[in-house]
Structures are given as structure tokens and as C-alpha cells.
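J.: One structure, pasted below without further comment.
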Amino acid sequence: MLMRLPRFVFLLAPVIFLLSGCGDEAPEQPAGLIPREEFVVIMADIQLVEALAKQKMIRNDDPEVKLAEYYGAIYDKYGIADSAFHKTYDWYHRHPDELLEIYDEVLSRLSRVEEELKQGGRKED
């Protein structure tokens, strides 16, 4: 998985590029959204699951069903309802500058995780 993560990062680059051209002033968030910091962590987990699915590392007769199960497990892990996730994602989707910042933070987080995993595999003398 670690060897394939950089390739996945390149898949996000066009999305980030397209989103960077859109935008407006920093809007006020409505009540009921998942807090930004938690949303970044959740999105990082979702990106990992989607990367596994794209690399065909998740096996099942129906990959969409398996992905839905993984999404459900992520929602359970963070104690959120899927409706709260979708409400938050939809709000960020309507505010592309904010979504771009979220994806920047997600990529930074995934890069840190990758580096930590690499460091954990090395023996200290």
C-alpha cells in the first residue's frame, strides 16, 4: 500500500487543481457540520479505503457494497451518522476554496502517516 500511495496522490492533483480556480470569501459554516479537524481525519480514512478499492486490494463480488461497508465502519469509528458526513461534505463541495484546504490537510496527513510507517519499519542502532 505504501508504494502505491504516491500514485494515489497524483489522482487527487487534478481535482485540487480544478477546485483551486473556484471560490469565494471564507463562508460561515452552519450548525451541525462535523468539526473541520475531525472531518480531515475522516476524509483521510476514506481516501485510504478508496485507494485500496482502486488498487483492487478490497475483494468482493460487489466492490460498491464492500466500499459502503467500509464507509459505515469509518462512520462508526468516529461516532457520526452518514447523513452528518454527507451534510458536511456537501457544504464543503459548495465552497471549493474550503474543500481545497481540506484536501491539502488530508494529503499532508496521509504523507505524515506514510512517513511514520516508513520510519517504523527501520531498525534503530
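The values are calculated or read from the model by the stated rules, or taken from the named source; none is laboratory data. Not measured: the values here are computed from a predicted model. Neighbour counts are summed over all protein chains in view; Cβ atoms, including those assigned to glycine, are modelled from backbone coordinates with ideal geometry.
J.: Regarding the stretch 72-88, can at least one residue be identified that is acidic (Asp, Glu), over 27 Å from Glu28 (Cα atoms) and free of Cβ contacts under 8 Å to residues at least 40 places away in the same chain?
T.: There is at least one residue in the stretch 72-88 that is acidic (Asp, Glu), over 27 Å from Glu28 (Cα atoms) and free of Cβ contacts under 8 Å to residues at least 40 places away in the same chain.
J.: Further question on the same structure: Is it true that Gly23 is modelled with pLDDT of 70 or more, of a type outside the set (Asp, Glu), at positive phi and not in a helix (DSSP H, G or I)?
T.: In short, no.
J.: Give the stretch 74-109 a look and list any residue that's part of a helix (DSSP H, G or I) and small (Gly, Ala, Ser), or say none.
T.: Correct list: Ser83, Ala84, Ser108.
One line per residue, one yes/no per condition, for (1) in contact with an Asp or Glu (Cβ under 9 Å, 6 or more places away or on another chain); (2) modelled with pLDDT of 90 or more; (3) surrounded by 11 or more Cβ atoms within 10 Å (Cβ to Cβ):
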{"residue": "Phe8", "(1), (2), (3)": "yes, no, yes"}
{"residue": "Ile16", "(1), (2), (3)": "yes, no, yes"}
{"residue": "Ile34", "(1), (2), (3)": "no, yes, yes"}
{"residue": "Gln55", "(1), (2), (3)": "no, no, yes"}
{"residue": "Asp61", "(1), (2), (3)": "no, no, no"}
{"residue": "Lys66", "(1), (2), (3)": "no, no, yes"}
{"residue": "Ala84", "(1), (2), (3)": "no, yes, yes"}
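J.: Going by the conditions given, is Leu100 at pLDDT below 95, under 15 Å from the mean Cα position of the chain (by Cα) and of a type outside the set (Val, Ile, Thr)?
T.: Details: at pLDDT below 95: no; under 15 Å from the mean Cα position of the chain (by Cα): yes; of a type outside the set (Val, Ile, Thr): yes.
No.
J.: List the number of the failed condition for Leu117; all other conditions in (1) surrounded by 13 or more Cβ atoms within 10 Å (Cβ to Cβ); (2) touching a residue at least 40 places away in the same chain (Cβ under 8 Å) hold.
T.: (1)
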